[in-house]
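Notes to accompany the following structure.
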Amino acid sequence: MPKRTLCLNDNLSEILEYNSPTTPIKATNALLSNFTNGIVPAHWHKELECIVVLSGSFTYHVNHQSYTLQKGNGIIVNSNRLHLCTPVCPPDCEHLEHFAIDETNDASYIVLLLHPDTLRFNNKMESKYINPLLYDSHSDVFFLEQTIPWQQEAIHTIMDIHRCVVERDVCFELYAQSQFFKLWSLLYQNTIEKNGCDLTETDPMSPLKTMISYIQANYQNKITLKDVAEAGAMCQSKCCQHFRETLKQSPIEYLQHYRIGKAAYLLEHTNANITEIAMECGFHGASYFTETFRKINGITPKEYRKQQGKG
């Protein structure tokens, strides 16, 4: 079965299709095995991302923080925060692409994306309740456990919204919006109300997003670590640190994965030969391209094309 991928803009913002044309809410179910090597690629969006794990476990990475989620746990990623998901790998697994997802280590979970615009109905309420939580530097992510009452209630609210949207209950848009207000109230009362707010006007992930955009705009050409670091206006060691802490890859590893993702699309959707695709995606030889493709995807480009019914 072809693996899922996210539809992303060049700046890693996700392009979403909502469940309803009237309300910016998206509810879906997912398996970790839906994605190549069980890795949901780095992305961000204006919507809050709410996850509840139904079975298995995996690791969520938000900015520079990592959280291991198990069955019953939930997580909420705040608006515009960069995040990705990876399997929980054993200690002896050095690279995520070498880790195989199967029935024994797969995970299932629900995904609910809620746009904060649905909460905005007057300037005073927005200023008092919405913006402080959206822009609080200490509220990038909310890890939810069943053992803490308010967090348990948040998990149940997420699942309730998800159910009503997926099942398209009568007036589900209105009900989902009302429950989103309830969820926001729980978050606000247990963060801003208790601890205050530390507003930030700058995005700490902005340099990383700039470097990623540079890679995506220039992947067909020769790119060095020096080039990527200069795009982010930082030294090479700091550049590597940013990528490792947030994306769990080096800049060059990210470049190779991006090139292979582009190559996979061309293998599936065009009749270009292997050498042509290699050159189109920044590889200066079919053999190195084939070696890299096999390392990341576990099969050769020719085998991948056959799997997609193009062979």
Mind listing whichever residues of the stretch 235-263 are under 18 Å from the mean Cα position of the chain (by Cα), in a helix (DSSP H, G or I) and among the hydroxyl-bearing types (Ser, Thr, Tyr)? Thr246, Tyr254, Tyr258
Given (1) in contact with a Ser or Thr (Cβ under 8 Å, 6 or more places away or on another chain); (2) part of a loop (DSSP other than H, G, I, E, B), Gln179 misses just (2)
Qualifying residues in the stretch 244-259 (those that are at pLDDT 85 or above and of a type in the set (A, V, I, L, M, F, W, C)) - the one surrounded by the fewest Cβ atoms within 10 Å (Cβ to Cβ): Ile252
Test for Lys262: is it among the basic types (Lys, Arg), farther than 27 Å from Val141 by Cα and surrounded by 13 or more Cβ atoms within 10 Å (Cβ to Cβ): yes
Considering each of Gln152, Gln216 in turn, give the residue that is surrounded by fewer than 19 Cβ atoms within 10 Å (Cβ to Cβ), of a type outside the set (Phe, Trp, Tyr) and either more than 23 Å from the chain's Cα centre (by Cα) or not in a helix (DSSP H, G or I) (or both). Gln152
Filtering the stretch 187-211 down to residues that are surrounded by 17 or more Cβ atoms within 10 Å (Cβ to Cβ), assigned to a helix (DSSP H, G or I) and either modelled with pLDDT of 90 or more or in contact with a helix residue (DSSP H, G or I) (Cβ under 7 Å, 6 or more places away or on another chain) (or both) yields Leu187, Tyr188, Ile192, Pro207, Leu208, Met211
Pick from the stretch 1-34, criterion free of Cβ contacts under 8 Å to residues at least 40 places away in the same chain and part of a strand (DSSP E or B), ranking: farthest from the chain's Cα centre (by Cα): Arg4
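The values are calculated or read from the model by the stated rules, or taken from the named source; none is laboratory data. For clarity, every value in this text was computed on a predicted model and none was experimentally measured. Please note: Cβ atoms are built from the backbone with ideal geometry, for glycine as well, and neighbour counts cover all protein chains shown.
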